[in-house]
Amino acid sequence: MRMDQALAQALARFALSDPRPLTETAAARLWRMRGADGSEQVLKLYRCGHAGNEAAGAALIAAWHKAGANVVPMRAWTEDAWVMDWVAGAPLGDTARNGQVQKADACLAQVADHLHKTTLPQIPALPDLADWFEALFTLAHAPACPADLRADMTDATHLAEHLLKGTDKRPLHGDLHHDNV
């Protein structure tokens, strides 16, 4: 389906109007919109018709919000689109791009810590870590694989094994960067 058709369908499905382009990523296009209640919202429309490995992210963000974490409220989500509240203000990326990288990094670390400390219920949509790491655990090295790359992949396997042995597993934001804060 073409993006303009997908946008038109999303506008009708979520009762949105007044689309204004915000940004484009490899996976999605984002628009600032007006909701039926007059509020400013953001529509994230996935290019390939589904959210791919971000699919569980909407449920996670909604659970964080319900648990009191300072995250953007999710209005609705489907396989191919998310609708969330518009958050006014400059992204943290502007701070980093303006030469205050350490300040931006410290703020990003605080956000990650805040999310990590938020107690959440079980979220069935999240992938199981063992399944997520399966390809790493069944990795076979090609004969021509350079020794340093082979060592890095072995280290990654050991780190994943160590992570799975831990008892305090918590969801993490899979796309936490300056421009998402």
Phe137 and His114 label points (each 7 Å along its Cα→Cβ direction) are spaced in nm at 3.5
Counting only protein heavy atoms and rolling a 1.4 Å probe, one gets per residue an accessible area for the chain in Å² of 63
The alpha-carbon center of the range 136-181 and that of the range 31-47 are separated, in whole Å, by 35
Contact order relative to length for the range 88-181, counting C-alpha pairs under 8 Å separated by 6 or more residues, stands in percent at 57
Checked the range 1-45 with the C-alpha gyration tensor, a ≥ b ≥ c its square-rooted eigenvalues, rounded below a/c of 1.5, otherwise prolate if a/b is larger than b/c and oblate if not; verdict oblate
For the range 1-151, the accessible surface attributable to carbon and sulfur atoms (probe 1.4 angstrom, ligands and nucleic acids excluded) amounts in percent to 56
Computed over the range 1-120, the relative contact order (Cα-Cα under 8 Å, seq sep at least six) in percent reads 18
In vacuo Debye sum over C-alpha of the chain, base-10 log of normalised intensity I(q)/I(0) at q = 0.09, 0.11, 0.18 Å⁻¹, listed in q order, is -0.43, -0.63, -1.27
Note: the range 61-112 at 37 °C, 0.692 mPa s; Kirkwood Rh on alpha carbon pairs; Stokes-Einstein D in µm²/s works out to 256
So Ala106 and Asp37, fully extended at 0.36 nm per residue minus their Cα-Cα distance, gain in nm 21.2 nm
The lysines whose Cα lies under 23 Å from the Cα of Lys165, excluding any fewer than 8 residues away in the same chain, are Lys117
Checked the range 19-91 against the a/c 1.5 cut and the a/b vs b/c comparison, axes a ≥ b ≥ c from its Cα gyration tensor; verdict oblate
Among Pro124, Leu16, Met74, the residue whose Cα sits farthest towards the positive end of the charge dipole of the chain (+1 at Cβ of Lys and Arg, -1 at Cβ of Asp and Glu, taken about the Cα centre) is Leu16
With 0.36 nm assigned to each residue of separation and the Cα-Cα distance removed, Asn70 to Asp152 gains 26.0 nm
If each part is reduced to its alpha-carbon centroid, the range 2-20 and the range 77-114 end up apart, in Å, by 25
Calculated from DSSP helices alone, with each H run of at least 4 adding -39500 (n - 2.57) and the total divided by the residues of the chain, [θ]222 nm to the nearest 500 comes to -12000 deg cm²/dmol
Quick tally, 1.4 Å probe accessible area for Lys66, Lys44, sorted with the most first, runs Lys66, Lys44
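The values are calculated or read from the model by the stated rules, or taken from the named source; none is laboratory data. Because the structure is predicted, anything quoted here is derived from the model rather than measured. Cβ atoms come from the backbone with ideal geometry, glycine included; neighbour counts cover every protein chain shown. Note: areas computed on protein heavy atoms with side chains; ligands, DNA, RNA excluded. Shrake-Rupley method; radii C 1.70, N 1.55, O 1.52, S 1.80 Å.
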